[in-house]
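Notes to accompany the following structure.
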Amino acid sequence: QVRLVESGGGLVQAGGSLRLSCAASGRVFSTWAWFRQAPGKEREFVTGIRWSGGSTYYAESVKGRFTISRDIAKNTVFLQMTGLKPEDTAVYYCETAILGRSINTRAAYDYWGQGTQVTVSS
(Lines give C-alpha, C1' and ligand atoms only; values in the text may rest on other atoms or scores of the structure.)
Protein backbone atom coordinates (compact mmCIF):
# COMPACT_ATOMS: atom_id res chain seq x y z
CA GLN A 1 0.00 0.00 0.00
CA VAL A 2 1.36 3.38 -1.03
CA ARG A 3 1.60 6.08 1.58
CA LEU A 4 2.98 9.62 1.33
CA VAL A 5 3.66 11.52 4.53
CA GLU A 6 4.43 15.23 4.38
CA SER A 7 5.89 17.33 7.14
CA GLY A 8 7.56 20.67 7.76
CA GLY A 9 4.87 23.25 7.15
CA GLY A 10 4.19 26.12 9.48
CA LEU A 11 3.97 29.86 9.98
CA VAL A 12 6.88 32.05 8.95
CA GLN A 13 7.47 35.73 8.34
CA ALA A 14 8.09 37.07 4.87
CA GLY A 15 11.69 36.49 3.89
CA GLY A 16 11.95 33.40 6.06
CA SER A 17 12.58 29.77 5.21
CA LEU A 18 10.91 26.42 5.62
CA ARG A 19 11.82 22.89 4.64
CA LEU A 20 9.15 20.41 3.68
CA SER A 21 9.64 16.66 3.58
CA CYS A 22 7.70 13.92 1.84
CA ALA A 23 8.42 10.30 2.66
CA ALA A 24 6.96 7.52 0.55
CA SER A 25 6.40 3.88 1.38
CA GLY A 26 5.02 1.09 -0.71
CA ARG A 27 6.86 1.59 -3.99
CA VAL A 28 9.35 3.66 -5.94
CA PHE A 29 8.19 6.41 -8.28
CA SER A 30 9.73 7.87 -11.40
CA THR A 31 8.65 11.44 -10.71
CA TRP A 32 7.88 13.48 -7.63
CA ALA A 33 6.46 16.96 -7.39
CA TRP A 34 5.17 19.58 -5.04
CA PHE A 35 1.92 21.31 -5.90
CA ARG A 36 0.22 23.98 -3.84
CA GLN A 37 -3.30 25.25 -3.44
CA ALA A 38 -4.21 28.63 -2.02
CA PRO A 39 -7.75 29.39 -0.81
CA GLY A 40 -10.10 29.90 -3.73
CA LYS A 41 -7.48 28.91 -6.29
CA GLU A 42 -6.69 25.81 -8.28
CA ARG A 43 -3.82 23.55 -7.28
CA GLU A 44 -0.69 24.61 -9.13
CA PHE A 45 2.66 23.06 -9.92
CA VAL A 46 5.56 24.31 -7.83
CA THR A 47 8.49 22.00 -8.56
CA GLY A 48 9.28 18.46 -9.66
CA ILE A 49 12.17 16.02 -9.78
CA ARG A 50 12.94 12.92 -11.82
CA TRP A 51 14.01 10.12 -9.48
CA SER A 52 16.47 8.73 -12.00
CA GLY A 53 19.09 11.35 -12.73
CA GLY A 54 17.64 13.98 -10.43
CA SER A 55 16.57 16.51 -13.07
CA THR A 56 14.58 19.31 -11.50
CA TYR A 57 11.90 21.67 -12.75
CA TYR A 58 10.45 24.82 -11.21
CA ALA A 59 7.55 27.14 -11.72
CA GLU A 60 8.71 30.63 -12.66
CA SER A 61 7.26 32.05 -9.47
CA VAL A 62 9.63 30.04 -7.26
CA LYS A 63 12.80 29.83 -9.34
CA GLY A 64 15.81 30.93 -7.37
CA ARG A 65 13.96 30.66 -4.06
CA PHE A 66 12.87 27.02 -3.80
CA THR A 67 15.00 23.90 -4.16
CA ILE A 68 13.75 20.35 -4.53
CA SER A 69 16.02 17.43 -3.66
CA ARG A 70 15.79 13.74 -2.95
CA ASP A 71 17.25 11.14 -0.61
CA ILE A 72 17.23 7.91 -2.55
CA ALA A 73 18.02 5.69 0.45
CA LYS A 74 15.10 7.12 2.40
CA ASN A 75 12.69 7.37 -0.54
CA THR A 76 12.10 10.95 0.51
CA VAL A 77 11.88 14.29 -1.25
CA PHE A 78 12.55 17.67 0.28
CA LEU A 79 11.47 21.18 -0.61
CA GLN A 80 13.70 23.91 0.73
CA MET A 81 11.89 27.23 0.57
CA THR A 82 13.73 30.49 1.09
CA GLY A 83 12.77 34.11 0.57
CA LEU A 84 9.18 33.23 1.33
CA LYS A 85 6.48 35.69 0.31
CA PRO A 86 2.88 36.06 1.49
CA GLU A 87 1.76 34.82 -1.93
CA ASP A 88 3.47 31.50 -1.18
CA THR A 89 0.82 30.84 1.46
CA ALA A 90 -0.99 27.63 0.54
CA VAL A 91 -1.42 23.99 1.36
CA TYR A 92 1.51 22.16 -0.19
CA TYR A 93 0.95 18.68 -1.55
CA CYS A 94 3.55 16.07 -2.38
CA GLU A 95 2.56 14.08 -5.46
CA THR A 96 4.18 11.06 -7.06
CA ALA A 97 3.90 9.42 -10.43
CA ILE A 98 4.69 5.96 -11.70
CA LEU A 99 5.46 7.30 -15.18
CA GLY A 100 5.07 11.08 -14.87
CA ARG A 101 5.43 11.99 -18.53
CA SER A 102 4.30 15.57 -17.96
CA ILE A 103 6.01 16.76 -14.82
CA ASN A 104 3.95 19.92 -14.29
CA THR A 105 0.52 18.41 -14.96
CA ARG A 106 -1.55 17.04 -12.10
CA ALA A 107 -3.13 14.41 -14.31
CA ALA A 108 0.28 12.73 -14.60
CA TYR A 109 0.40 11.94 -10.88
CA ASP A 110 -0.98 8.83 -9.24
CA TYR A 111 -0.62 9.49 -5.52
CA TRP A 112 -0.58 12.49 -3.22
CA GLY A 113 -0.27 13.23 0.44
CA GLN A 114 -2.59 14.91 2.88
CA GLY A 115 -0.98 18.30 2.43
CA THR A 116 0.88 20.58 4.79
CA GLN A 117 -0.04 24.21 5.46
CA VAL A 118 2.50 26.94 4.76
CA THR A 119 1.56 30.41 5.94
CA VAL A 120 3.75 33.43 5.25
CA SER A 121 2.93 36.59 7.16
CA SER A 122 3.80 40.05 5.86
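With the simple model of a label 7 Å out from the Cα in the direction of the Cβ, L11 to D71 spans 2.8 nm.
Length gained on full extension, Q114 to E42, computed as 0.36 nm times the residue gap minus the Cα-Cα distance: 24.3 nm. Per residue, the chain exposes 51 Å² of solvent-accessible protein surface, assessed with a 1.4 angstrom probe and all protein chains in place. Element breakdown for the chain at a 1.4 angstrom probe: carbon and sulfur atoms account for 48% of the accessible area. Averaged over residues, the count of other Cβ atoms within 10 Å places the peptides 2-15, 100-113 in the sequence 100-113, 2-15, highest first.
Of all DSSP-defined beta bridges confined to the chain, some 90% are antiparallel rather than parallel. Were the residues from V2 through S121 laid out at 0.36 nm apart, the gain over their Cα-Cα distance would be 39.4 nm.
The values are calculated or read from the model by the stated rules, or taken from the named source; none is laboratory data. Remember, it's a predicted structure, so these values are computed and weren't measured experimentally. All Cβ positions, glycine included, derive from the backbone under ideal geometry; neighbour counts span all protein chains shown. These accessible areas exclude ligands, DNA and RNA; they are computed on the full protein's heavy atoms, side chains included. Shrake-Rupley method; radii C 1.70, N 1.55, O 1.52, S 1.80 Å.
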